[in-house]
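These notes are about the structure you will find just below.
Values quoted throughout were computed directly from the atomic coordinates according to the rules given, and no laboratory measurement underlies them. Quick caveat: nothing in here was measured; it's all calculated off a predicted structure. Here the Cβ is made from the backbone with ideal geometry for all residues, glycine too, and neighbour counts use every protein chain on show.
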Amino acid sequence: MADIKPRSASGYSSDVTQACEQTLLTMLSAFGNLKDTLRLVGGLVPRYLTPEAHPEVPAHAGTSDVDVVLNLEVLASGDEYATLAEQLKARGFERTPNRDGRPASWRWRRKVDDHLIVVVELLRDAGDLQPGRAVSINGEEVSAMCIKHAGITADWFCEKTVTAHLLDGKGVSTEQIRFADVPAFVILKALAMNQRQEPKDAADLIHVIRYAGTLEEVAELFAARIQSGKHQNAMLDGLTALKLRFCDDEYAQGFEKVGPVAYAQFLGADGDEELIGYQLYAASLVEGLLKLIHEKTTFTLP
């Protein structure tokens, strides 16, 4: 069971986000030659998709954990994975206990200091399996949580050279990080938002859509992915989820829905007027994006 995350932006800090980046780079060495096949998803991605550039692009709220997608086809073709658990343990990682006290082999944690522990979640594409199920990869030592459409990141990703101090004073390391690109990130976050309706998911979605470029440029990124012909079911499911949770329909006005409300609650508001303002903005932004995508591609949602 996942830890309870902060419900508002005030619960996140740049120091914790920096610790997550250090944890990511420390973990990568455990994968050896396979590290290039990993794809970063989740709350650390906006740090790279929308780098802070005041005043145009404010700093993203950050994250408190690290989520990576494993490419099981590549892993199965080599033997490096056989020692992954030992390599993780050698770098100070340990399996994270579930609420029942038993260790979860898909969630590994790393102590950063006396007050901070960062959790790394290992994920895989669900394929024909039930999303939300952890599947063993290497005996009982390592598993990965099945996530619907996570495999799109194998094709739809960006790269960035990242330099950070490794944990335990192991020196400065520079690595090439591969992470979900804008369409992949939005799709996966929309699916997560549809399922668990967390304020952080809504805030991450809106931040990336707003600051990854102009709305026209973001729509062009989606159009290019749609025109590629790849992962069309993922695109349909993700954009349908986005429409359901943020846009007007016969059930409710978009600003009243859980997406805009969660976004506004995450930001925090000084009174109802500001709260409604945030909700209206989020609904309008998503509505505008979906309209532009349709105009550029004739991609139609149910």
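Convex hull over the alpha-carbon atoms of region 182-297: what's its volume per residue in Å³?
Per residue, the Cα convex hull of region 182-297 comes to 91 Å³.
Using the Cα centre of region 182-297 as the reference point, and only Cβ charges (+1 on K/R, -1 on D/E), how large is the resulting charge dipole? Debye, rounded to the nearest 20.
600
Relative contact order for the chain: what is it in percent, counting Cα pairs under 8 Å that are at least 6 residues apart?
About 16 percent, as a whole number.
Suppose only helical runs count, i.e. DSSP H with n ≥ 4. What mean residue ellipticity at 222 nm does that imply for the chain under -39500 (n - 2.57) per run, divided by all residues and rounded to the nearest 500 deg cm²/dmol?
The per-residue figure over the chain is -13000 deg cm²/dmol.
Quick one: 3J(HN,Hα) in Hz for region 227-235, Karplus 6.51/-1.76/1.60 with θ = phi - 60°, rounded, Gly and Pro as x.
5, 5, x, 8, 6, 5, 5, 5, 4
Kindly provide the GluC sites (Glu not before Pro) of region 212-302 that DSSP labels as loop, not H, G, I, E or B, and whose Cβ sees at most 15 other Cβ atoms within 10 Å.
GLU250
What is the log10 of I(q)/I(0) for region 20-114, computed with the Debye formula using one identical point scatterer on each Cα and no solvent, at q = 0.10, 0.21 Å⁻¹?
Summing over Cα pairs of region 20-114 leads to -0.33, -1.15.
Please go through the residue pairs LYS89/LYS111; LYS160/LYS296; LYS5/LYS89; LYS111/LYS148; LYS189/LYS230 and name each one whose alpha carbons sit more than 23 Å apart in this structure.
Violating the 23 Å Cα-Cα cut-off are LYS160/LYS296; LYS5/LYS89; LYS111/LYS148.
Take HIS54 and ALA252, extend 7 Å from each Cα along the Cα→Cβ direction, and tell me the distance between the two endpoints in nm.
Reported label-point gap for HIS54 and ALA252 is 3.6 nm.
List the aspartates and glutamates whose Cα lies under 18 Å from the Cα of LYS291, skipping any in the same chain that are fewer than 8 positions away.
GLU216, GLU217, GLU220, ASP237, ASP248, ASP249, GLU250
Can you list the residues of region 204-234 with backbone N under 17 Å from a point 7 Å past the Cα of THR298, pointing along Cα to Cβ?
223-224, 226-229
How big is the dipole moment of the chain about its Cα centre under a simple scheme where the beta carbon of each Lys and Arg is +1, that of each Asp and Glu is -1, and everything else is neutral? Debye, nearest 20, please.
620
For the chain, what D do you get in µm² per second when you plug the Kirkwood radius from alpha-carbon pairs into Stokes-Einstein at 10 °C and 1.306 mPa s?
Reported coefficient: 80 µm²/s.
Please check which bits of region 142-164 a label hung off ASP36 would reach, taking the label as a point 7 Å along Cα-to-C-beta and the cut-off as backbone N under 14 Å.
159-160
Rounded to the nearest 5, what is the percent of antiparallel bridges among the DSSP beta bridges in the chain?
Taking every DSSP beta bridge with both residues in the chain, the antiparallel ones total about 75 percent.
Can you tell me the FRET efficiency between SER14 and GLU159 if r is taken as the Cβ-Cβ distance and R0 is 30 Å, rounded to the nearest 0.05?
0.85
Report, to two decimal places, the Cα Rg of region 9-180 normalised by 2.2 N^0.38 Å (N = number of residues).
Taking the Cα Rg and dividing by 2.2 N^0.38 Å, one obtains 1.01.
What order do you get for 119-125, 156-162, 258-264 when each peptide is scored by the mean count of other beta carbon atoms within 10 Å, highest first?
Sorting 119-125, 156-162, 258-264 by mean packing, highest first, produces 258-264, 119-125, 156-162.
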